[in-house]
1. Using Cα centres only, tell me the gap between the stretch 385-415 and the stretch 236-310 in whole Å.
2. Just to confirm my numbers, what's the Cα centroid distance between the stretch 471-512 and the stretch 519-558 in Å?
3. How large is the helix-only mean residue ellipticity at 222 nm for the chain, computed as the sum of -39500 (n - 2.57) over DSSP H runs with n ≥ 4, divided by its residue count, in deg cm²/dmol to the nearest 500?
4. Just to verify a number: FRET efficiency for residue 458 and residue 54, C-beta to C-beta distance, R0 = 60 Å, to 0.05?
5. If a/c stays under 1.5 just call it rounded; otherwise compare a/b with b/c (prolate if a/b is bigger, oblate if not). Do that for the stretch 118-250, with a ≥ b ≥ c from the square roots of the Cα gyration tensor eigenvalues.
6. By how many nm would the segment from residue 357 to residue 69 grow when fully extended, if each residue of separation counts as 0.36 nm and the alpha-carbon distance is taken off?
7. Nearest 5 is fine: what % of DSSP beta bridges in the chain come out antiparallel, could you say?
8. Can you tell me how the stretch 275-432 classifies by the Cα gyration tensor, rounded, prolate or oblate, using a/c under 1.5 as the rounded cut?
Ligand code: G3I
């Protein structure tokens, strides 16, 4: 769990937690040990932003907070900087527009002139004060008769949606200080005749503070949900416990009976996070009881049990040689994308063990993305990438950098900068990031996902401001920093025939005609188990090789489709591995993640290891193929 909440940038504002300060809540300031420093609140973006400086440098993290062994873990020197959410917050202007439009899902083949969609009559946006109880009766109607069903999309904390057994349901919610602002609540009505015919109706609830703050009840704080985890006996376990108080204050957390040698320590940067660290010495369920205590009324508490499943060391081993040894014999590399800060997860130690045993190339899944690593002009967050680089060095792994230039995860400051200045910010970014990792990262996804499905260049802030030349400029800047690095264009949905792959090949032709440095193409390959375009994949690999380029399978995962089995999934992995091995220019295969536990497509179990780090049939298929 990467703690994530709004914190002002160190160079711009004092480092304080943002919370709602009301009479009932003690809104504490951050206990960050570092003093805030000032900087220009209105930087001139027509010139270069400041390069990384000494106060961006990560500092050592106390071992109490991580599971790492054998490599040094650092942390950011100050509070985490804001990473822009992709969806903007709702505003009063949105609220004033009235009830948002409903979204209708019409199943294929349904004739809407015969069967009309259900709807909600008489709903409107709601204004409510924190502490008041809001009740809304939902009664869907169907113009064709019949009684539609309904379900809420996601209930807010403390909310309920209760059946009145007369075709209606009542949404009941008492918002508190933490809910102040505009909240969206959606209920979906389901057609009585066709369960796939649905209408989702959002409604906005504006929660404001009352004049009399004492009218807001103080509720007991809770512990944020902790997902189940499997760990290895005698490994260190860290569990980040996060207290939540809907009144907006920060609860404290204490242990009822801490096991011998265990520690429970407040995180130095995040006041509501307490890190429990212990080493389970026997298999079974390891549990610790904790109390979450309200910071205003210390008699208000919630008791919770925190547990992990402890397996024996043997449970994590399997037959056959590790993939990296087999791959080395076949002259390719095999790897994965590393979960950011895996050493802060309960199962971080077994994660590191399996990764080091099996893989010799690793990509940071998220920590190099521009809005994370350079979220504000002249401010940088390097610790997560530095730590992965240290882990890779410890385990003799190549690091594959991802991504330098992408249309997504662009920080607000770049999006808001004048179009004419973006080339400067792009080349500054490439130069600074590649220079920092010059000796550690030898392969780079310089341009990520430049193509649209139709084979044209994808619209982006980069394309808008520089036209197609942004791609050549980015590649040339990367080459200027590093004559040796392998420079890639990385793309998805190019493992089949079609305009997207053709468009990419035309782009490569244009780049090569201008002698732009480019060493290879990254094939992402986020697939489903029904994937069967193996001939096209072989041909696309050959087309890339014919242009003198290398092929990297950069983000492979095979999501389970419908009723497909783990064997179907294994079969897809096997065939892809075979195609790579048959193509001399195919240099590496990397899965997008290590275990299904942390896959970005976790619900489809797409990877080689399951949630308890057991090798799946797909693992053995890859192993056999490499043999
Ligand atoms: O870091 C915060 C975390 O603190 C917070 O708890 C959480 C709550 O939602 O959000 C976290 O950030 C998320 C981050 O993943 C880490 O989990 C971002 O919201 C989320 O947008 C981000 O998603 C990543 C996505 O790229 C967008 O950058 C996925 O993990 C990552 O797997 C995915 O990877 C991309 C490749 O870079 C490019 N190719 C496609 C691939 C899959 O989309």
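1. 31 Å
2. 14 Å
3. Here the helix-only value at 222 nm equals -6000 deg cm²/dmol.
4. Working: r = 38 Å, r/R0 = 0.63.
After rounding to 0.05, the efficiency reads 0.95.
5. Numbers: a/c = 3.13, a/b = 1.38, b/c = 2.27.
In terms of gyration-tensor shape, oblate.
6. Details: separation 288, 0.36 × 288 = 103.68 nm, distance 1.47 nm.
Difference between extended and current length: 102.2 nm.
7. On the way: 60 of 103 bridges.
Given both bridge residues lie in the chain, the antiparallel proportion sits at roughly 60 percent.
8. Details: a/c = 3.60, a/b = 1.19, b/c = 3.03.
It comes out oblate by the Cα gyration axes.
Coordinate-derived values only; no laboratory data. Not measured: the values here are computed from a predicted model. So basically every Cβ, Gly included, is an ideal-geometry build from the backbone, and we count neighbours across all protein chains shown.
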